[in-house]
1. State the label only: which of (i) 16.5, 48; (ii) 20.1, 71; (iii) 17.1, 50 corresponds to Rg and Dmax of the Cα atoms in Å computed from the shown model?
2. With a cap of 15 neighbouring Cβ atoms within 10 Å, and only residues DSSP puts in a loop, list the trypsin sites (Lys or Arg not before Pro) found in region 25-128.
3. Under the √(5λ) rule applied to the eigenvalues of the Cα gyration tensor, what semi-axes describe the equivalent ellipsoid of region 94-145? Give them in Å, descending.
4. Let me have the 222 nm mean residue ellipticity of the chain computed from DSSP H runs of 4+ only, each contributing -39500 (n - 2.57), with the sum over all residues rounded to the nearest 500.
5. Output wanted: per-residue J couplings in Hz (rounded whole) for region 99-111, from phi through Karplus 6.51 cos²θ - 1.76 cosθ + 1.60, θ = phi - 60°, x for Gly and Pro.
6. Calculate how many DSSP beta bridges within the chain are antiparallel, expressed in % of all such bridges and rounded to the nearest 5.
7. Any chance you could run the full-extension gain for Glu146 through Leu93? It's 0.36 nm times the residue separation minus the Cα-Cα distance, nm to one decimal.
8. Please compute the length gained on full extension between Arg55 and Ser174, using 0.36 nm multiplied by the number of residues separating them and subtracting their Cα-Cα distance.
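We did not get these values from a lab; they are worked out from the coordinates using the rules stated. All values derive from a computational prediction rather than experimental measurement. Here the Cβ is made from the backbone with ideal geometry for all residues, glycine too, and neighbour counts use every protein chain on show.
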Amino acid sequence: MPPARTAEIETNPTSKPSMLLAKRIKALRDERGWTLDVTSEHTGLSRSALSKIERQQMSPTYNALNKLAQGFGIGMMQLMEGRTPEKSEDVKLTRSDEGSMHSTSLYLLRFLDAGLYANSPLIVTEFTIEATDISQFEQWDRHDDENFVYVLEGTALFHREGSDEPLKIGKGDSICFDARIGHAFTSPTGKPARALSVTIRM
């Protein structure tokens, strides 16, 4: 059974990245003097969801992280790591043991420091697909991006809202799609698959 709605948050209260992220979101609100209601208006996330994220009761999905970054008017890495770029850079280097990790119940995300300018629309993420069946998704994922995904390791199925036949993609394969349409990735082999995602905010 395919998911029915858009995913905003998933329960994952014990991960360290969620604790750090919760503090950053609260700090960003305080800097702007925003209440939860005002933050909800800017991000499109419910007041209840924001409160639970800040209290470390829920861990936001990629979709929710994207909404938070756009709502606060900052880049994804600034949201994840809490550092404000002082100026535009000509070169950015992310080592193999660097990047900002974030875990949900279905994906393990590693945000890479891409985008040379503050508030860059470019987001690059290495992600591990841990879900093995579409029934594990309660809701479709969607975000306001053009999305390119390149499979680094393993085999994945790309599920798309309105289609009963998922696309099978393996190591070296890539797919580009409008992420505003509901979608999800699963690993049919029972082993996690790993891929690189490049998105440009629309």
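1. The value computed from this structure is option (i).
2. Values: sites: Lys26, Arg29, Arg32, Arg47, Lys52, Arg55, Lys67, Arg83, Lys87, Lys92, Arg95, Arg110; in loops: Arg55, Arg83, Lys87, Lys92, Arg95.
For trypsin sites (Lys or Arg not before Pro) across region 25-128 that sit outside H, G, I, E and B with at most 15 neighbouring Cβ atoms in 10 Å, the list reads Arg55, Arg83, Lys87, Lys92, Arg95.
3. With the √(5λ) rule applied to region 94-145, the semi-axes are 25, 15, 7 Å.
4. -7500 deg cm²/dmol
5. Here the 3J(HN,Hα) series is x, 9, 8, 8, 10, 10, 6, 10, 9, 10, 10, 10, 7 Hz.
6. So the antiparallel bridges amount to about 95 percent of the total.
7. Details: separation 53, 0.36 × 53 = 19.08 nm, distance 2.36 nm.
Stretched fully, the Glu146-Leu93 segment lengthens by 16.7 nm.
8. 39.1 nm
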